[in-house]
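Please treat every number below as a calculation from the coordinates, not as lab data. The structure displayed is predicted, hence computed values, not measured ones. Glycine also receives a Cβ, built like all others from the backbone with ideal geometry; neighbour counts cover every protein chain displayed.
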Amino acid sequence: MFTVRVETPGGHYPIHIGAGRLAALVQSVPADATSIVLVTNTTIAALYADRVETVLQASGKPVLRIVLPDGEQYKTWDSLNQIFDALLEQALDRHTVLVALGGGVVGDVCGFAAACYMRGVRFIQVPTTLLAQVDSSVGGKTAINHPRGKNMIGAFYQPLAVEIDPDVLKTLPAREISAGLAETVKYGMIADDDFFTWCETHVAALRALDDDAVRHAVRRSCEIKARVVSQDERESGVRAILNFGHTFGHAIESGLGFGRWLHGEAVGCGMVMAAELSHRVLGLDRTIVERIRALVAAIGCPVQAPDLGVQQWLDLMRVDKKNQGHQIRYVLLPELGRAEVHAVADERVQPLLSGQ
Ligand code: NAD
Ligand code: GLY
């Protein structure tokens, strides 16, 4: 097992990475927990909930299971309320510990429920998608979507621990692996050009879920994310670089309707667009733009932006948490492995949005 530590004002906690962590999950349950609530979705429940519930029952504490509907379109108030209803029906107290077993959707909704229930109860992240293992389970961003914008209602709320078992990725559909690889290669683009090059040479191994390649990719991604989040928990500065490709990506997700493109697919395409904008605004070398486009295509994500219409693109991107006033701010690359946030005038972005 390998441990990465996150140290934020909102909490210090370990990320445990290792095959078999699912079976060891009970070690992260605090002794003073009065009950454990396993929050998952219909798909993951069928695969892993019985096994995880049995592991958690070894703590001797009562375990309640809550099964949400599966999909980005259910990252809503209704799912959040489904959790609150179940907790209140059982009159669970503030020593309850929630366990988020699932991808980024379950993790974000369960984390937000933990932040709100009785003004905050503890929770553990058990990410089961590659995307959640390299990104969403770490750093304490929790949220639901609003029809007008992605992740617009939420809280910064850190988990007690993150338990990553790469073995669970074996049941993940290939399309979801590609989506997770988008957030993985992102770390190379924004913070580690050697890791980017490593990803270029290990695409086939990663897509085939080779054990060594996946372990290295998850570990390096968690190390970079933990470092950035530990420097800036609430995104008042450097944490914004983790949003590389997301300004365009979030617009794709809400513009097409949540769930049409996977989050990772939208981010993959968004990173190609942000690389192109980096070339136009900061002079990022054309060969780097082409390497980024080639890597995003190689991991199996789209590189061609959908036609949302220029005005809709801009309207959607104006609803972004990085913005100040009405200026849209983008994460751009001055060079491979380094990212900065820049406000860019709409006139400079419009040609890119109309496919020029
Ligand atoms: P997801 O949670 O929808 O999971 C993808 C699909 O895989 C779902 O159908 C799910 O049921 C299924 N699944 C999960 N684990 C499985 C397994 N082991 N075997 C088989 N199927 C499995 O999507 P995601 O890509 O994990 O997460 C995307 C979400 O994460 C978005 O809502 C995004 O906004 C959010 N996100 C949050 C952060 C953050 O910092 N909090 C960062 C990145 C993304
Ligand atoms: N995924 C972006 C962040 O955690 O800040």
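Pairs please, first residue from segment 206-235 and farther than 14 Å from Q158 by Cβ, second anywhere and among the aromatic types (F, W, Y) and not in a helix (DSSP H, G or I), Cβ atoms under 8 Å, 6+ apart in sequence or on different chains.
R215/F2; R219/F2
Within segment 227-241, count every residue that is in a helix (DSSP H, G or I), out of contact with any helix residue (DSSP H, G or I) (no Cβ under 6 Å at 6 or more places or on another chain) and within 12 Å of ligand 1 (Cβ to nearest atom).
Number satisfying all stated conditions: 1.
Residue by residue through segment 182-226, note down the ones that are over 19 Å from M271 (Cβ atoms) and not in a helix (DSSP H, G or I).
Hits for segment 182-226 are A208, L209, D210.
Determine the pairs where a residue that is without any contact (Cβ under 8 Å) to a residue 40 or more places away in the chain, located within segment 96-121, has a partner that is within 16 Å of ligand 2 (Cβ to nearest atom) and in a helix (DSSP H, G or I) with Cβ atoms under 6 Å apart, the partner being 6 or more residues away or on another chain.
Matching pairs, first to second residue: G107/A132; G107/S136.
Can you name every residue in segment 175-202 that is buried (at least 24 other Cβ atoms within 10 Å of the Cβ) and more than 19 Å from the chain's Cα centre (by Cα)?
none
Under the condition of being away from ligand 2 (no atom under 15 Å from the Cβ) and not in a strand (DSSP E or B), which residue from segment 118-160 is farthest from T247 (Cα to Cα)?
The residue in question is M118.
State the number of residues belonging to segment 165-181 that are in contact (Cβ under 8 Å) with a residue 40 or more places away in the chain and either within 16 Å of ligand 2 (Cβ to nearest atom) or not aliphatic (A, V, I, L, M) (or both).
10
Pick from segment 48-107 the residues that are within 15 Å of ligand 1 (Cβ to nearest atom) and hydroxyl-bearing (S, T, Y): which of them is farthest from the chain's Cα centre (by Cα)?
Y48
Only one of these conditions is not met by V272: (1) within 16 Å of ligand 2 (Cβ to nearest atom); (2) buried (at least 19 other Cβ atoms within 10 Å of the Cβ). Which number is it?
It is condition (1) that V272 fails.
Can you tell me which residue in segment 161-175 is farthest from ligand 1 (Cβ to nearest atom), limited to those that are in a helix (DSSP H, G or I) and over 22 Å from H16 (Cα atoms)?
Step one: list which residues in segment 161-175 are in a helix (DSSP H, G or I), which gives 166-171, 174-175.
So of that shortlist, the ones also over 22 Å from H16 (Cα atoms) come out as 174-175.
Values: A174: 11, R175: 9 Å.
Per the criteria, the residue is A174.
Starting from segment 246-258, keep only residues that are touching a residue at least 60 places away in the same chain (Cβ under 8 Å), then list their pairs with residues that are β-branched (V, I, T) and surrounded by 24 or more Cβ atoms within 10 Å (Cβ to Cβ) whose Cβ atoms are within a distance under 8 Å, requiring at least 6 positions of separation or different chains.
Within 8 Å, the pairs are H246/V267; H246/V331; T247/V331.
Any idea which residue in segment 242-266 is nearest to ligand 1 (Cβ to nearest atom), counting only those that are of a type in the set (A, V, I, L, M) and farther than 15 Å from G149 by Cα? Outline the logic, then answer.
The first filter runs over segment 242-266 and keeps only residues of a type in the set (A, V, I, L, M), leaving 242, 251-252, 256, 262, 266.
With farther than 15 Å from G149 by Cα added as a condition, the list becomes 242, 262.
On the way: L242: 8, L262: 6 Å.
Among residues in segment 242-266 that are of a type in the set (A, V, I, L, M) and farther than 15 Å from G149 by Cα, the one nearest to ligand 1 (Cβ to nearest atom) is L262.
Restricting to segment 259-308, count the residues that are among the basic types (K, R) and either outside any helix (DSSP H, G or I) or touching a residue at least 60 places away in the same chain (Cβ under 8 Å) (or both).
Final tally of qualifying residues: 3.
Condition first: without any contact (Cβ under 8 Å) to a residue 12 or more places away in the chain and either among the β-branched types (V, I, T) or in a loop (DSSP other than H, G, I, E, B) (or both). Now tell me which residues in segment 55-65 satisfy that.
Matches in segment 55-65: G60 only.
Taking only pairs six or more apart or across chains, which ones have beta-carbon atoms under 6 Å, a first residue in segment 66-85 that is closer than 16 Å to H146 by Cβ, and a second residue that is within 15 Å of ligand 1 (Cβ to nearest atom) and among the polar types (S, T, N, Q)?
K75/N145
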